[in-house]
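Each value in this text was obtained by applying a stated rule to the coordinates, not by laboratory testing. In this text, all values refer to a predicted model and were calculated from it rather than measured experimentally. Every residue, glycine among them, receives a Cβ derived from its backbone with ideal geometry; neighbour counts consider all protein chains shown.
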Amino acid sequence: MSPKILLLTLPFLLAGCSSLSEEECRTMSWYNLGYQDGEQGKTRAATRDYVSTCGEYGLKVDEAEWKRGYAKGLELYCIPELAYSKGKSGAEYQGVCPNDASFLTQYDRGRQEYLVEKQLSDLKSDMERTERDIETLERQIRNENDSKQRDYYRAQRERAIRHYEGLRRDYNRIRFPDRVIQFSFGN
């Protein structure tokens, strides 16, 4: 990169590193920012970034107002009834809720469903890719004149078919797990 281009892009690169501009540090409603951070489940460490960034401009963060807003935002974030949807969406939990046990029970339930859906999605993508590979190999077998090369493609296709069958078994095992039904005929 030439020095001229570097000098022209340096202000943009540096701006990307700081979380707040000087103007934002001057005019920020620290209560609102704290509320927003709490509502998003960010940790209290977020305030350190603000203190550092605004300190570079010689400005102070009203940490008391930020903490007051943060506590209110956390009240909304930490509602156990909303924890399930946070887990199911794949959002990471940073351990910020005061009543962790209640929140975590619901979050973990949603998170498990998210992980199962992600695993199924990954398997489905692998199956689709393997199907395309099998189709390509079948075309190559049909179009190949050299018998040794055809045999090679056939062996590759057989390997791909076995791989696909393994993926399908895994997909079905996860999608349709065995369920144990217990019967009781009195004691």
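Would you tally the net charge around Y93, using a Cβ to Cβ cut-off of less than 13 Å, leaving Y93 out, and scoring K and R as +1, D and E as -1?
Overall, the nearby charge balance is +2.
Evaluate the charge dipole of the chain about its Cα centre and quote only its size in Debye, nearest 20, assuming +1 on the Cβ of each Lys and Arg and -1 on the Cβ of each Asp and Glu.
660 debye
For log10 I(q)/I(0) by the Debye sum over Cα atoms at q = 0.14 Å⁻¹, which listed value, (1) -0.78; (2) -0.90; (3) -0.69, comes from the coordinates shown?
(2)
Using R₀ = 41 Å, calculate the FRET efficiency as 1/(1 + (r/R₀)^6) where r is the Cβ-Cβ separation of V116 and S21; round to 0.05.
0.45
Would you please give the FRET efficiency between N172 and E92, computed as 1/(1 + (r/R0)^6) with r the Cβ-Cβ distance and R0 = 30 Å, to the nearest 0.05?
With R0 = 30 Å, the Cβ-Cβ based efficiency is 0.50.
For the chain, how many pairs of lysine residues have a Cα-Cα distance under 30 Å, where the two are 8 or more positions apart or belong to different chains?
Close lysine pairs found across the chain: 15.
With the contact rule set at Cα under 8 Å and sequence spacing of 6 or more, what percent relative contact order holds for the chain?
Working: 182 pairs, mean separation 29.4, N = 187.
Across the chain, relative contact order equals 16 percent.
Cut-off 17 Å, label point 7 angstrom out along Cα-to-Cβ of I161: give me the residues of the range 129-149 whose amide nitrogen falls inside.
130-143
Report the net charge of residues surrounding L59, where surrounding means a beta-carbon distance below 12 angstrom and charges are Lys +1, Arg +1, Asp -1, Glu -1.
Numbers: positive: R26, K60; negative: E22, E23, E24, E56, D62.
My count for the surroundings of L59 gives -3.
Under a plain spin-label model, where a point goes 7 Å from the Cα along Cα-to-Cβ, how far apart in nm are D108 and F183?
3.4 nm
Test of the criteria: in the range 37-66, which trypsin sites (Lys or Arg not before Pro) are in a DSSP loop and have at most 12 other Cβ atoms within 10 angstrom of their Cβ? Don't skip to the end; give the middle numbers.
Values: sites: K42, R44, R48, K60; in loops: K42, R44, K60.
Of the trypsin sites (Lys or Arg not before Pro), the ones in loops of the range 37-66 whose Cβ has at most 12 other Cβ atoms within 10 Å are K60.
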